[in-house]
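Have a look at the structure below before the remarks.
The values are calculated or read from the model by the stated rules, or taken from the named source; none is laboratory data. What you see is a predicted model, and the numbers here were worked out from it, not measured in a lab. Glycine also receives a Cβ, built like all others from the backbone with ideal geometry; neighbour counts cover every protein chain displayed. The accessibility values were calculated without ligands, DNA or RNA, using every heavy atom of the protein model including side chains. Shrake-Rupley method; radii C 1.70, N 1.55, O 1.52, S 1.80 Å.
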Amino acid sequence: MSSPNSPLDLTLDGGTLTARLVDFPSVSGEETALADAVEAALRAHPHLTVDRFGNNVVARTHFGLPERVVLAGHLDTVPIADNVPSHVEGDLLYGCGTSDMKSGVAVQLRLAATVVEPNHDITYVFYDCEEVEADRNGLGHLFATHPDWLAGDFAVLMEPSGAVVEGGCQGSLRADITLTGVRAHAARSWLGDNAIHKAAEVLRRLAEYEPRRVVIDGLEYREGLNATRIDGGVAGNVIPDECRIHVAFRFAPDRSLEQAEAHLREVFDGYQLDVVDASPAALPGLSQPAAQAFLAAVGGEPRAKFGWTDVARFSAHGVPAVNYGPGDPNLAHKREEHCSLSAIAEVEERLRNWLTK
Ligand SMILES: [Zn+2]
């Protein structure tokens, strides 16, 4: 058996290569050895130029083809949960990162090494620190420092999607609504003004709110506006002078962040509303020619992505992006994380068809 940090052999089949990547621990912040191995393996291929920034590696073809597509994946995993080294049971490969997302990275590496006559120019992006705070995200650092390395007409993020195309992603806006009153002794409540009672009207608006369902590029997005937390009260014998309701708005990608905020302010007109966190949505972009060719080649019915992923970073830079990877999103970050070996082979095959025919 090879030692964990021996060179990566890109002639291994996708499942075996995934196992090798899983046995190469790379918890967020500790990706250097894996990034070194990825860089070295890619540099062996003369049809690729390879650039490195920190623990981010970008390999590109330069055939002068009219369109460029980007395949991106993160090298890091969440902390290991006694589930490394990997092991195989039947068609399943078990271990930390099998689904999220070393199976996707293995497919990227296999394609990078073997697709030597592509029909689009291809950019392969391997980045660090996706599983931690957004300001450490390697893809974010690349967009800030070397946006030209990430330029393209369409991007595929190889996050676990169960081998189904997931388009775009919803945006997220979180805000506090603050209600104020006058504090008083509960025995003389007429001297006060109860801030908690004022929550009733805000909660009524939330309960009666009818979230939209929006179809964009054939995908249905379901919005949601919900109170996720409520704080208020001073003591059992005090009329409270403040109550705060935390609301979460998940919105479809036909709204910009500004429009989403304006909508919230309209719903809660007359109330003090402070935005505490905001992430833009990403349009699926499935009507773009490059995306159409992709969908035709990989087949299946695309579905909307409801969570927030790095596709939004591509979208924010004008590159339509989808999630498509062999891993199972429901197994990500779990102790029993695993990935189907046949799904790894299938995704590689479909992407190879897209990139070569
Ligand atoms: Zn991931």
Evaluate the distance, in nm, between pseudo-label points positioned 7 Å from the Cα of V182 and of R213 along their respective Cα→Cβ axes.
-> 4.9
If you place +1 on the Cβ of every Lys and Arg and -1 on the Cβ of every Asp and Glu, how big does the dipole about the Cα centre of the stretch 148-220 come out, in debye to the nearest 20?
-> 820
With both partners inside the chain, how many of the DSSP beta bridges are antiparallel, as a percent to the nearest 5?
-> 75
Name the shape class, rounded, prolate or oblate, that the alpha-carbon gyration tensor gives for the chain, where a ≥ b ≥ c are the square roots of its eigenvalues, rounded holds for a/c under 1.5, and otherwise prolate holds if a/b is larger than b/c and oblate otherwise.
-> prolate
In the neighborhood of A252, defined by Cβ-to-Cβ distances under 10 Å, what is the net charge if each Lys or Arg adds +1 and each Asp or Glu adds -1?
-> +2
Inter-site label distance for V238 and L12 at 7 Å from Cα along Cβ, in nm | 6.2
Is the stretch 77-132 rounded, prolate or oblate when judged by the Cα gyration tensor, a ≥ b ≥ c being the square roots of its eigenvalues, rounded requiring a/c under 1.5 and prolate requiring a/b larger than b/c?
-> oblate
Work through the residues other than G299 whose Cβ is under 15 Å from its Cβ and net out their charges, Lys, Arg +1 and Asp, Glu -1.
-> -1
Report, in debye and to the nearest 20, how large the dipole of the stretch 104-209 comes out about its Cα centre when Lys and Arg carry +1 and Asp and Glu carry -1 on their Cβ.
-> 920
What order, most packed first, do the peptides 347-357, 31-41, 132-142, 158-168 have when packing is the mean number of other Cβ atoms within 10 Å of each residue?
-> 158-168, 31-41, 347-357, 132-142
3J(HN,Hα) from dihedral phi, the stretch 168-173, Karplus parametrisation 6.51/-1.76/1.60, rounded to Hz, x for glycine, proline = x, 7, 6, x, 9, 10
Along the Cα-to-C-beta direction of S342, a point sits 7 Å from the Cα; which residues of the stretch 80-99 have their amide N less than 11 Å from that point?
-> 91-92
Arrange the peptides 202-211, 92-101 so that the one whose residues have, on average, the most other Cβ atoms within 10 Å appears first.
-> 92-101, 202-211
What is the chain's relative contact order, in percent, from Cα pairs under 8 angstrom and six or more apart in sequence?
-> 24
Among T145, L179, L10 - extreme Cα towards positive end, dipole of the chain, charges at beta-carbon = L179
To the nearest 0.05, how large is the calculated FRET efficiency for H87 and A248 if R₀ is 51 Å and r is the Cβ-Cβ distance?
-> 0.85
Over the stretch 171-279, average the accessible area per residue using a 1.4 Å probe and give it in Å², no decimals.
-> 55
FRET E, pair H333, L191, Förster distance 41 Å, beta-carbon r, rounded to 0.05 = 0.20
Only Lys, Arg, Asp and Glu count, each charged at its Cβ (+1, +1, -1, -1), so figure out the dipole size of the stretch 171-279 about its Cα centre, rounded to 20 debye.
-> 360
Considering amide H positions built from the backbone, and no H for Pro or chain starts, which residues 5 or more places from I216, or on another chain, come under 5 Å of its amide H?
-> Y221
HN-Hα couplings for the stretch 340-357 via Karplus (6.51, -1.76, 1.60; θ = phi - 60°), in whole Hz with x for Gly/Pro, come out as 6, 5, 5, 5, 4, 5, 5, 5, 4, 4, 5, 5, 4, 4, 4, 8, 10, 9
Mind listing the phi-derived Karplus ³J(HN,Hα) values for the stretch 11-26, rounded to whole Hz, using 6.51, -1.76 and 1.60 with θ = phi - 60°, and x for any glycine or proline?
-> 8, 5, 5, x, x, 5, 5, 4, 4, 4, 5, 5, 7, 9, x, 8
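Indicate the gyration tensor shape class of the stretch 171-279 (rounded, prolate or oblate), computed on the Cα atoms with a ≥ b ≥ c the square roots of the eigenvalues: a/c under 1.5 is rounded; otherwise a/b larger than b/c is prolate and the rest oblate.
The shape class here is prolate.
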